[in-house]
1. Pairs needed: first member in region 595-617, closer than 24 Å to LEU274 by Cβ; second member anywhere, of a type in the set (Ser, Thr, Tyr) and part of a loop (DSSP other than H, G, I, E, B); C-beta distance under 8 Å; at least 6 residues apart or different chains.
2. Take LEU71 and tell me if it is farther than 30 Å from VAL315 by Cα and in a loop (DSSP other than H, G, I, E, B).
3. Name the residues in region 275-309 that are of a type outside the set (D, E, K, R) and either crowded, with 21+ Cβ neighbours inside 10 Å or not in a helix (DSSP H, G or I) (or both), would you?
4. Being touching a residue at least 60 places away in the same chain (Cβ under 8 Å) and on the phi > 0 side of the Ramachandran plot is the filter here; which residues of region 284-330 pass it?
5. Give the residue that is surrounded by the fewest Cβ atoms within 10 Å (Cβ to Cβ), with candidates limited to residues of region 513-546 that are in contact with a helix residue (DSSP H, G or I) (Cβ under 9 Å, 6 or more places away or on another chain) and among the polar types (S, T, N, Q).
6. In region 74-104, what count of residues is obtained for those that are assigned to a helix (DSSP H, G or I) and of a type in the set (Lys, Arg)?
7. Identify the residue in region 576-594 that is out of contact with any Pro (no Cβ under 9 Å at 6 or more places or on another chain) and hydrophobic (A, V, I, L, M, F, W, C) and, among all such residues, is surrounded by the fewest Cβ atoms within 10 Å (Cβ to Cβ).
8. If you take the residues of region 105-164 that are aromatic (Phe, Trp, Tyr) and assigned to a helix (DSSP H, G or I), which of them is nearest to GLY92 (Cα to Cα)?
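The values are calculated or read from the model by the stated rules, or taken from the named source; none is laboratory data. Note that the structure is predicted; figures quoted are calculated from it, not measured. All Cβ positions, even for glycine, are placed from backbone atoms using ideal geometry, and neighbour counts span all protein chains on display.
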Amino acid sequence: MSFVLALALVLLSASLVGLMALHREALRRVLLRAVDPRPLALFRIAFGCCLLATMVEIAPLLDYLFSDEGLLPRAVVPELMGRGATIGFGDGVREPAGPRDLAALLEFVTSGRWSPLYFGDSPTAVRLHFAALVVAALGLTLGWRTRVSTILCWLLYAGLLRRGDAHWGGEQVFCAFLFLLMWSRCGAAFSVDNWRRCRALRRRGFLSMSSGPGEGAGLAPSPAAPRGLVAIYRRIPAWPQALIAGQLALCYVVNGWAKSGPTWRSGDALLLVLSRDTYVRWDMSAAIAAVGPWPLRLASWGVAWWERLFPLVLVGLALRAVARSGAPGLQGAASAGARLCWAGIAVAAGLAASVPQDLVEKSGDLGGSERAATLAVVAAIAAAVAIAGPRAAAVGRRLAAGPLAPRWWLGFGALFHLANHALLAVGAFAPATLAAYLVCGAGPWAVAMSQRALRGLARLGVPVPEHLRRETAVAAEDPSLPHLHRDAAALPGWAIAAAGGLVLAGGLVGLAAGAGPRAWHAAWLAAGTGLTIVGWRAARRRRSETTALVEPWAHGPAGRLAAGGLVAYHVVALLVWQLPAWSSLPWRGPARALVGPWIELSYTSQRWSMFAPNPPRDQMLVRTTVVDAAGVRHRFAEGPQRADDLPLPHPWHDRWRKIGDGLLGQRERMSLWHVRYLCRRWALEHAGEPAREARLEGLRAPLAPPGSDRREHFAAHVETRVLAQVNCAEEPFAQLAPEVRARHGLPPAPPGSLRFVWAPERAATWAERRTRRDPLAPLWPLAALGLLAALARWAREDRRERAGG
């Protein structure tokens, strides 16, 4: 364990807590404001289309991935996939399948790892589940019952992956963004919901028309309209969009710094990627030979460093938003405190930079020097801010309008993704990532382009709503309307600093004293309870006061506290979860265990390492064979194998190829389960007759030199090794389950012919397993729900007072 690195992390955390407490007014004006709903609506549409595309990708593999006739039979699902959620479920062999009692159901509910497929995973159940997901995704895309559709999308999509994830490849993008969309009001524009709302208001005479009073942005009550007029586009909270932007930056920066291998340093990474047939759309050997290595090397270096530095986009967006918010600058003691915090960040970064040998996963890795140099630059910048004090704000505004402007970073990213999509079939997650640019600064431009396109369609005679036929887009809801929140309630800085310090202390106690998640959860609940009490009293004292705002609050005082708490908790959980796997951080596992329940509940577990630390240097394929009862060898199951055992590019994304990569090395433990599946599949397709043997082989050859015939090269240099080979009669879980036989009208298996094997840590009965559970584990989510109930009651009281006033 590196004491220097641990000290740097503690100092960094304390300094960030101090900065948040001091800059609380700017933070809340940026995160908790109400903004134009159209950029998020465009993201919803683009993201929904990508989600539907990924549904098309996995549809042919439903039975293999998610059903009890596929890769994992139902008996092993509680052990391998259910984890804590199904600890009270029987496996159907030693105990009857399903939850054993009400306590088991409580464990399932409080675990957060929910999936309907734990209760039934026949092919019919899987198809019904998938059909419901497609309907929900359509609802999300069209904006029909948007909140319900988004919640169903998240539940059903996560439910699929919690049953089977052998095809995992970019799914974390959809999981992370779906969870955040669920908290947003993404259906407030360009949606069936908003169209229905506007139609109802127009019929009653309450809608502000684009050609009438208010010009579509709403109108305050007046003699002509005693109840006022409602805007076409109501303002929505900004914080879900900020979280989406933060999630995108986290995805890029972690993925970029994972690219630390020698091929990325030499610039040959993209050459290797384009030379394998796993993702390329066509054979590019001739094109690679024609352009030579240097364009690809420059592209490799450019992509790696662009990903690593992408968080600068957030810095630029934050600086611009703070400048527009009208938040007052820090003065006096607050300014001195901020300079001290920046000095703390500089010291923390300098300490980390002084131990480059601790910034690697294992001794001899090459990425430590690059990370140390970057941290040294961060330390110098933080020190400059500490020295400059208030003068740094003016410099920041100039940088936000120049090199930190989103157009440069997003423009490079758009070119990268478009080129990536043209050359590589990596899946729908890549355009879903690109869609997130709409909430990272590209939204206003996209809204203007959409308005222009719709106006062009109107000229061609296509029916288009009146407000979308205008030369310029209708403004969002007028920020001066009286029903919008402008109250002066605010948490004092000492309360935020105390809450942050309490959480930090809870984490240190949980790690250093061995208290674990109990101390962590107790610290967060205590901090939330304290802030609720302090916030309620502050709001009571200033209930009649208002504050001058450029953009109104998205919520009342209780809603702002709840939203701020959710943002803080989610961001902290993601950052802790992404702690690097360096040997100098042996407490990484215990730290991740602190936030594990939230990561599991939100299903935002993430491991960003595409083509990292190095792309594979070999062309690899799989081959599956089955020997029948008569001893005849058969090539069986189309699966991830090629018909002629030779490389062949594919124009569309084929998830079998991703599964093949997993079998060949990324997830080798799948190999044994795949050959077991081959045994069961053979028996299912041959009237229950078992095969004698199933084998999975890996074919490997060096990548072909540019310009050569890759198929001929592979055939001349291929080497074969057996990944898994089993006797289908004796291998555990290689025989058809009784319920599968009954479903297909097959005779029962002979007595004693079924084979099973269980993990030693999985006790046979629920009574034994229950003794190993933490009895307080279910209490933490219940306590959190109690705190949310208190905030909800406060919010109801606030609404009644506003309505009465």
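1. Taking only residues 6 or more apart or on different chains, the pairs are ALA612/SER260; PRO613/SER260.
2. yes
3. SER275, THR278, TYR279, VAL280, TRP282, MET284, GLY292, SER300, VAL303, ALA304, LEU309
4. Hit for region 284-330 is GLY326, nothing else.
5. THR529
6. The total comes to 2.
7. Filtering region 576-594 for residues that are out of contact with any Pro (no Cβ under 9 Å at 6 or more places or on another chain) and hydrophobic (A, V, I, L, M, F, W, C), the one surrounded by the fewest Cβ atoms within 10 Å (Cβ to Cβ) comes out as ALA581.
8. Keep residues of region 105-164 that are aromatic (Phe, Trp, Tyr), which gives 108, 114, 118-119, 130, 144, 154, 157.
Those still in the list that are assigned to a helix (DSSP H, G or I) too: 108, 118, 130, 154, 157.
Values: PHE108: 17, TYR118: 12, PHE130: 24, TRP154: 28, TYR157: 25 Å.
Here the residue is TYR118.
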